[in-house]
1. Going by what's in this entry, would Val197 be described as crowded, with 19+ Cβ neighbours inside 10 Å and under 29 Å from Arg151 (Cα atoms)?
2. Give me the pairs: first residue in the range 65-89 and within 8 Å of the ligand (Cβ to nearest atom), second residue of a type outside the set (A, V, I, L, M) and part of a loop (DSSP other than H, G, I, E, B), beta-carbon distance under 6 Å, and six or more apart or on different chains, which are they?
3. Any idea which residue in the range 123-132 is nearest to Ala174 (Cα to Cα), counting only those that are open to solvent by less than 20 Å² (accessible area, probe 1.4 Å) and within 16 Å of the ligand (Cβ to nearest atom)?
4. Answer yes or no as to whether Ala20 is within 24 Å of Leu188 (Cα to Cα) and more than 8 Å from the ligand (Cβ to nearest atom).
5. I'd like to check something: does the range 104-122 contain any residue that is assigned to a helix (DSSP H, G or I), among the hydroxyl-bearing types (Ser, Thr, Tyr), open to solvent by 50 Å² or more (accessible area, probe 1.4 Å) and modelled with pLDDT of 95 or more?
6. In the range 145-155, is there at least one residue being within 14 Å of the ligand (Cβ to nearest atom), free of Cβ contacts under 8 Å to residues at least 60 places away in the same chain, more than 19 Å from Arg254 (Cβ to Cβ) and in a loop (DSSP other than H, G, I, E, B)?
7. What is the one condition in (1) of a type outside the set (A, V, I, L, M); (2) near the ligand (Cβ under 9 Å from one of its atoms); (3) touching a residue at least 12 places away in the same chain (Cβ under 8 Å); (4) in a loop (DSSP other than H, G, I, E, B) that Tyr8 does not satisfy?
8. Being surrounded by 22 or more Cβ atoms within 10 Å (Cβ to Cβ) and more than 14 Å from the chain's Cα centre (by Cα) is the filter here; which residues of the range 1-55 pass it?
Amino acid sequence: MSWDPAQYGLFLDQRTRPAADLLAHIRLEAPARIADLGCGPGNSTALLAKRWPKAAITGIDSSQAMLEKARESAPDIDWQCADIAQWRADPPFALIYSNALLHWLDNHAVLFPRLLSSVAKGGALAVQMPRNFDAPSHRIIAAVAQSAPFRAKLSGRLREAPVADPDYYYQLLAADCHLIDMWETSYLHVLEGEDAVLNWIKGTALVPLLAALDAGEQNDFICELAARLAAAYPRREDGKTLLPFKRLFFIAYR
Ligand SMILES: C[S@@+](CC[C@H](N)C(=O)[O-])C[C@H]1O[C@@H](n2cnc3c(N)ncnc32)[C@H](O)[C@@H]1O
């Protein structure tokens, strides 16, 4: 997968809003060590650094392009390249925070207890993941990817809805926590510009699919998606497009 900070950054304010909402609910006084998993271009990490300027913060991402952008924005933060699917913290962190990464990883039954075990006693694991996998955007992506001529290269790259019901995560984590704060929010992201929803998903959901296609195929795939997305998410007279987007949040306190 090749994450592109410029494409992701087209809607950085809208994408950072859930990061800020997650942070606002964390009830920790002064966590000494904080990890931001899937830190991307450093937008979520910057919020953590602003709230806890004295904390030692590590931003972790598997994309060198994202980390380069993050490093430019805040050279003093410790930026590390790692795959969170394999990552373990030693020693544990007072806060492990992750906005919009963990739905990209499989096997949550193993992943979440492992992440919680990397949190020090008295600390917290704070997570936001999209839970919009039945939204029109995802249904359109699946329909086009499964149609000719894209099926051969793309159908194997489509994933089952990767995020379970909130109850599943509660069940996984509760035995090792004294408090779990959970909520869901349906955002209405107000997007600017032409083909706004297409441009939004080019920065995220389409990343693994476009990586499997050559330049000509990418162009055809994008043209096909553009027409269907424009019909499902019409641009308003004022030029803006509303993108409804459901997200799951939880903060698990050890
Ligand atoms: C949607 S962005 C989130 C960026 C930022 N946290 C935010 O709040 O906007 C997801 C990030 O996760 C990273 N990522 C995807 N898979 C990863 C993995 N297995 N390990 C580490 N980072 C990963 C991507 O490179 C990307 O920067």
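1. Values: crowded, with 19+ Cβ neighbours inside 10 Å: yes; under 29 Å from Arg151 (Cα atoms): yes.
So Val197 passes the test.
2. Close Cβ pairs (under 6 Å, with a partner that is of a type outside the set (A, V, I, L, M) and part of a loop (DSSP other than H, G, I, E, B)) amount to Met66/Trp3; Met66/Gly40; Met66/Pro41; Asp83/Ser62.
3. From the range 123-132, those open to solvent by less than 20 Å² (accessible area, probe 1.4 Å) are 123-130, 132; that's our starting set.
Filter again for within 16 Å of the ligand (Cβ to nearest atom), leaving 125-130, 132.
Working: Leu125: 12, Ala126: 14, Val127: 15, Gln128: 17, Met129: 18, Pro130: 21, Asn132: 24 Å.
Across the range 123-132, the extreme among qualifying residues is Leu125.
4. Working: within 24 Å of Leu188 (Cα to Cα): yes; more than 8 Å from the ligand (Cβ to nearest atom): yes.
Against the criterion (within 24 Å of Leu188 (Cα to Cα) and more than 8 Å from the ligand (Cβ to nearest atom)), Ala20 qualifies.
5. Initially, the range 104-122 is screened for residues assigned to a helix (DSSP H, G or I), giving 104, 108-117.
This time we only want the ones that are among the hydroxyl-bearing types (Ser, Thr, Tyr), so: 117.
When the remaining residues are screened for being open to solvent by 50 Å² or more (accessible area, probe 1.4 Å), the result is 117.
Narrowing further to those that are modelled with pLDDT of 95 or more: 117.
There is at least one residue in the range 104-122 that is assigned to a helix (DSSP H, G or I), among the hydroxyl-bearing types (Ser, Thr, Tyr), open to solvent by 50 Å² or more (accessible area, probe 1.4 Å) and modelled with pLDDT of 95 or more.
6. The first filter runs over the range 145-155 and keeps only residues within 14 Å of the ligand (Cβ to nearest atom), leaving none.
Scanning the range 145-155, I find no residue that is within 14 Å of the ligand (Cβ to nearest atom), free of Cβ contacts under 8 Å to residues at least 60 places away in the same chain, more than 19 Å from Arg254 (Cβ to Cβ) and in a loop (DSSP other than H, G, I, E, B), so the answer is no.
7. Condition not satisfied by Tyr8: (4).
8. Across the range 1-55, the qualifying residues are Pro31, Ile34, Ala35, Leu48.
The values are calculated or read from the model by the stated rules, or taken from the named source; none is laboratory data. Keep in mind that what you see is a predicted model, and the values were worked out from it rather than measured. Note: ideal-geometry Cβ built from the backbone for every residue, glycine included; neighbour counts use all protein chains shown. These area figures cover heavy atoms from the full protein model, side chains too; ligands, DNA and RNA do not enter into them. Shrake-Rupley method; radii C 1.70, N 1.55, O 1.52, S 1.80 Å.
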